[in-house]
Every structure is written in C-alpha cells, then in structure tokens.
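I am attaching a structure below and will ask some questions about it afterwards.
The values are calculated or read from the model by the stated rules, or taken from the named source; none is laboratory data. These figures come from a predicted structure and were not determined experimentally. Using ideal geometry, Cβ is built from the backbone for each residue, glycine included, and neighbour counts are taken over all protein chains shown.
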Amino acid sequence: MSARDKLRGFFEANVGRIIDTHQLREVAGVSEYARRIRELRDQEGMQILTHKDRHDLKPGQYILTSMDRAPKLSSAISPQLRANILERNGYTCQQCGAGPGDRDPYNPKRKTRLHIDHILPLSQGGSDSPENLRVLCSSCNQVRSNIQAPSESALNMLARIRKAPKSVQKEVYAALKKTFEQS
Ligand SMILES: [Zn+2]
C-alpha cells in the first residue's frame, strides 16, 4: 500500500475530525506526507482543509470535511495520450494554426510550444477523454488568442502537411509561394 493510499484511508476513517501532523507522519511513514495530501486534494478532489482554509485550525492540522469529491483541478494525461492527441491534430494549434517552433505571435523572441487543452475545463466537469482534448499553442492556451483564426479546412490542411516530412513541407511551401507570387 502506498503512502497515498494509507493517507486516503486514514482521512476517510476520520471524516469531520481534526488530524494533526504527528498522526499523519505515523500513518504515511514518510516525511513528505504534505505532498501526498496535496495530490489527494488536487488530483482526487478530496476536501481536505488546513489552517489556510479555516481559521479554527492551527498550522499542522488537517480535516477532511466530506466524503464528496470536488471537481479535479489537475489532470494526469499520459505521455501516450498526449502523443495521440498531437498526432490527431497534426501538431497544429486548433485555434490559430501555429506549429511547433513557429514564431510566437505574442512574443517574437519565443518559439511556439504546444499544449494539450481541455475543451470543457476540468473545473467544470470536463474529463481527460480524447474527445475533450485538443492541441493549443502556449499563447492560445493562456490568453485565449484574439488572432484571426484560420478556417476549419485550412486547419485540417495544415495538420496534414505538418505530419509530412520536412522535405515535403518545403516542396509544398515552394509550390504555393510560386503560385501566389505570380498573382
Ligand atoms: Zn494558437
């Protein structure tokens, strides 16, 4: 049984009762029990409060107020799932069309990084299922970009082109450039 499992069990057996640091250290058998408690709170939604949340608690005291779970605040998307979503969306931001390594439209000194975004946020009950996930660049992920979004078909086209080898991408670029320079 992991330290986290032991702590979960102990809190659930003492719902509504104040628990202190000594008890937790004994139960968990590890000194970093504070981090495990944070995981129970942030990843499992357990409603464990401290003196920061409630003034009648002293530092080092904890209380599980209810067996109900709050919506999850952080997710654990596996590297495999992340790779699947990137592949599915063709390494292309689904809002502004940027690809990895493109210049960041908000900060030209930086390069675009891609993130996995929850379409319906976890805090509103969204899940980690593939249908609720999409690729966004760091800018769109943070600021909800006001950049003119490419059309749906342009996004799909970009996604397909970015899956091709760099040499093919260059050929497409050169061909399009030729076409549009003439007009
Ligand atoms: Zn973007």
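Confirm whether ILE85 is among the β-branched types (Val, Ile, Thr), surrounded by 14 or more Cβ atoms within 10 Å (Cβ to Cβ) and not assigned by TED's automatic domain parsing to the domain that holds ARG134. Lay out the reasoning, then the answer.
Working: among the β-branched types (Val, Ile, Thr): yes; surrounded by 14 or more Cβ atoms within 10 Å (Cβ to Cβ): yes; not assigned by TED's automatic domain parsing to the domain that holds ARG134: no.
Considered against the rule, which asks whether it is among the β-branched types (Val, Ile, Thr), surrounded by 14 or more Cβ atoms within 10 Å (Cβ to Cβ) and not assigned by TED's automatic domain parsing to the domain that holds ARG134, ILE85 comes out as no.
Could you go through segment 82-90 and let me know if any residue there is more than 27 Å from ARG41 (Cβ to Cβ) and assigned to a loop (DSSP other than H, G, I, E, B).
Of segment 82-90, the ones more than 27 Å from ARG41 (Cβ to Cβ) are 83-84, 86-90.
Narrowing the set further to residues that are assigned to a loop (DSSP other than H, G, I, E, B) leaves 89-90.
Within segment 82-90, one or more residues are more than 27 Å from ARG41 (Cβ to Cβ) and assigned to a loop (DSSP other than H, G, I, E, B).
Please enumerate the residues belonging to segment 51-81 that are modelled with pLDDT under 90, in a strand (DSSP E or B) and among the polar types (S, T, N, Q).
Hit for segment 51-81 is SER66, nothing else.
Just to verify a result, which residue in segment 10-61, among those that are touching a Ser or Thr at 6+ places or on another chain (Cβ under 7 Å) and within 23 Å of ALA76 (Cβ to Cβ), is surrounded by the most Cβ atoms within 10 Å (Cβ to Cβ)?
GLN47
For LEU120, indicate whether it is aliphatic (A, V, I, L, M) and under 25 Å from GLU12 (Cα atoms). Reasoning before the result, please.
Values: aliphatic (A, V, I, L, M): yes; under 25 Å from GLU12 (Cα atoms): no.
The answer is no for LEU120.
To continue, here is another question. What number goes with the only condition from (1) away from the ligand (no atom under 16 Å from the Cβ); (2) in a loop (DSSP other than H, G, I, E, B); (3) farther than 17 Å from ARG82 by Cα that GLY126 does not pass?
Unmet for GLY126, out of (1) away from the ligand (no atom under 16 Å from the Cβ); (2) in a loop (DSSP other than H, G, I, E, B); (3) farther than 17 Å from ARG82 by Cα: (3).
Here is a further query. Only residues that are under 9 Å from SER139 (Cβ atoms), of a type in the set (Gly, Ala, Ser) and more than 8 Å from the ligand (Cβ to nearest atom): list them for segment 90-113, please.
none
When residues of segment 1-19 are filtered for being in contact with a Lys or Arg (Cβ under 8 Å, 6 or more places away or on another chain) and of a type outside the set (A, V, I, L, M), how many remain?
Of the residues in segment 1-19, the ones in contact with a Lys or Arg (Cβ under 8 Å, 6 or more places away or on another chain) are 3-4, 7.
Pick out the ones that are also of a type outside the set (A, V, I, L, M) and you get 4.
Residues that pass the stated criteria total 1.
Can you tell me which residue within segment 44-89, out of those that are more than 24 Å from ARG4 (Cα to Cα) and in contact (Cβ under 8 Å) with a residue 12 or more places away in the chain, is nearest to the ligand (Cβ to nearest atom)?
Taking segment 44-89 first, the residues more than 24 Å from ARG4 (Cα to Cα) are 55-56, 80-89.
Okay, now just the ones that are also in contact (Cβ under 8 Å) with a residue 12 or more places away in the chain, so 81-82, 84-89.
Numbers: LEU81: 20, ARG82: 17, ASN84: 20, ILE85: 15, LEU86: 14, GLU87: 18, ARG88: 16, ASN89: 11 Å.
Checked segment 44-89; the qualifying residue nearest to the ligand (Cβ to nearest atom) is ASN89.
While we're here: Looking at SER153, is it at pLDDT 90 or above and either in a helix (DSSP H, G or I) or within 20 Å of LEU114 (Cβ to Cβ) (or both)? Break it down into steps so the answer makes sense when it comes.
On the way: at pLDDT 90 or above: no; either in a helix (DSSP H, G or I) or within 20 Å of LEU114 (Cβ to Cβ) (or both): yes.
No.
Within the set of pairs 6+ apart or on separate chains, which have a first residue in segment 170-182 that is free of Cβ contacts under 8 Å to residues at least 12 places away in the same chain and assigned by TED's automatic domain parsing to the domain that holds ALA154, a second that is part of a helix (DSSP H, G or I) and not small (Gly, Ala, Ser), and C-beta atoms under 9 Å apart?
That search, which allows pairs on different chains as well, returns VAL172/ILE161; TYR173/ILE161.
Here is a check on your reading of the model: is LEU136 farther than 27 Å from GLY45 by Cα and either within 13 Å of the ligand (Cβ to nearest atom) or more than 14 Å from the chain's Cα centre (by Cα) (or both)?
No.
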